[in-house]
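Below is one structure; the comments refer to it alone.
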Amino acid sequence: MTPLPWLAIDTSGDQASVAVGSAGVVLAEEIVQGARRHAVELVPAIERVLNGARIPLSRIHGILVTDGPGSFTGLRIGATVAKGLAYAGNIPVRAASALLVMAYGGWTSKPTARRILAVTEALRGECYAALYDITAAGISVLREPAVGRPAMLAEWPRPDLLVSELALPGFSGPDLVDGEAAQPRAAVLLDLVGVAGATREIVDLGTWEPEYGRPAEAQVRWEALHGRRLPDSAGTAR
């Protein structure tokens, strides 16, 4: 029996992507370059991949979405669109860390590696990073997603493979997947459907927010000005 298709959405970085398919089968995919285009291009891109795959929204088994860490605005756009589609079609939603999507995509190109370090830009001279143990049998989280200066990685276990959008001077030794190949993609989200523990079900869409990694710049300025945190303050406490 042919598995029911999923709709996958990634808006965690400068490059957004959407895909339709199932694990190992991409029926249609589209990539949108430029973070400022996410709000305008995401919904039309979804319409195009559904049309390209000749699959109406009513036949989608579920929606997959990256939930961070990453671009505050991008993640919010992706989450909002996913919620809207889910409500409209009564479709379940599952989420996965953008860093896990990066790590798994890198691992599929070098499956002999086991400990995979995923690193992406966090601005302010910082990075987001997470370390995973990935095998054909499944995925274990060795270091949860964290934000900090790249120097913090020197204290982490040495990876077999580095998947990074950033240049990390002085960080040498492991195999490297970088540049565009290191960016998370919706097509990789589809592959994670069949991997135990890789995605999690969003039970309450009304209260769900992406794991942004840290507050937005506007929130940081407000909290600094008023000397207190907002009640829904996001991010990693340090």
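Of the residues making up region 147-157, those that are open to solvent by less than 80 Å² (accessible area, probe 1.4 Å) and either touching a helix residue (DSSP H, G or I) at 6+ places or on another chain (Cβ under 7 Å) or part of a loop (DSSP other than H, G, I, E, B) (or both) are 156, 157.
Once region 158-193 is narrowed to residues that are free of Cβ contacts under 8 Å to residues at least 24 places away in the same chain and assigned to a loop (DSSP other than H, G, I, E, B), the residue that is farthest from residue 5 (Cα to Cα) is 170. Here residue 75 meets each of (1) open to solvent by 40 Å² or more (accessible area, probe 1.4 Å); (2) within 17 Å of the chain's Cα centre (by Cα); (3) not β-branched (Val, Ile, Thr) with one exception, condition (1).
The sole residue among 124, 115 that is touching a Leu at 6+ places or on another chain (Cβ under 8 Å) and open to solvent by 50 Å² or more (accessible area, probe 1.4 Å) is 115.
Residue pairs whose Cβ atoms lie under 8 Å apart, separated by 6 or more positions or on different chains, with the first residue in region 110-134 and in contact (Cβ under 8 Å) with a residue 60 or more places away in the chain and assigned to a loop (DSSP other than H, G, I, E, B) and the second open to solvent by 20 Å² or more (accessible area, probe 1.4 Å) and of a type outside the set (D, E, K, R), are 113/107; 113/174. Here is a check on your reading of the model: is residue 70 within 14 Å of residue 188 (Cβ to Cβ), touching a residue at least 40 places away in the same chain (Cβ under 8 Å), open to solvent by less than 70 Å² (accessible area, probe 1.4 Å) and in a loop (DSSP other than H, G, I, E, B)? It is false that residue 70 is within 14 Å of residue 188 (Cβ to Cβ), touching a residue at least 40 places away in the same chain (Cβ under 8 Å), open to solvent by less than 70 Å² (accessible area, probe 1.4 Å) and in a loop (DSSP other than H, G, I, E, B).
Those residues that are outside any loop (DSSP other than H, G, I, E, B) and either on the phi > 0 side of the Ramachandran plot or among the β-branched types (Val, Ile, Thr) (or both), I need them from region 1-35; list them, please.
First pass over region 1-35, keeping only residues outside any loop (DSSP other than H, G, I, E, B): 6-10, 15-22, 25-33, 35.
Across region 1-35, the qualifying residues are 9, 18, 20, 21, 25, 26, 31, 32.
Scoring residue 107 on the criteria (1) surrounded by 14 or more Cβ atoms within 10 Å (Cβ to Cβ); (2) assigned to a helix (DSSP H, G or I); (3) in contact (Cβ under 8 Å) with a residue 60 or more places away in the chain leaves a single failure, condition (3).
Sub-7 Å Cβ pairs linking a first residue in region 1-28 that is surrounded by fewer than 24 Cβ atoms within 10 Å (Cβ to Cβ) to a second residue that is of a type in the set (Ser, Thr, Tyr) and part of a loop (DSSP other than H, G, I, E, B), at least 6 apart or interchain, are 13/71, ordered by first then second residue.
Could you please find all residues in region 141-157 being over 16 Å from residue 68 (Cα atoms) and in contact (Cβ under 8 Å) with a residue 40 or more places away in the chain?
Let us first name the residues in region 141-157 that are over 16 Å from residue 68 (Cα atoms), namely 142, 149-157.
Listed by number, the list holds a single entry, 157.
Considering only residues of region 39-64 that are of a type in the set (A, V, I, L, M, F, W, C) and in a loop (DSSP other than H, G, I, E, B), which is surrounded by the fewest Cβ atoms within 10 Å (Cβ to Cβ)? Once the filter is applied, the top-ranked residue is 55. Residue-level check: of (1) out of contact with any Gly (no Cβ under 9 Å at 6 or more places or on another chain); (2) more than 24 Å from residue 81 (Cα to Cα); (3) crowded, with 17+ Cβ neighbours inside 10 Å, residue 199 misses just (2).
The values are calculated or read from the model by the stated rules, or taken from the named source; none is laboratory data. In this text the structure is predicted, and so the values were computed from the model without any measurement. Quick reminder, even Gly has a Cβ in these numbers, built from the backbone with ideal geometry, and neighbours come from all protein chains shown. Ligands, DNA and RNA are stripped out before the accessible areas are found, and what is left, the full protein with its side chains, is counted by its heavy atoms. Shrake-Rupley method; radii C 1.70, N 1.55, O 1.52, S 1.80 Å.
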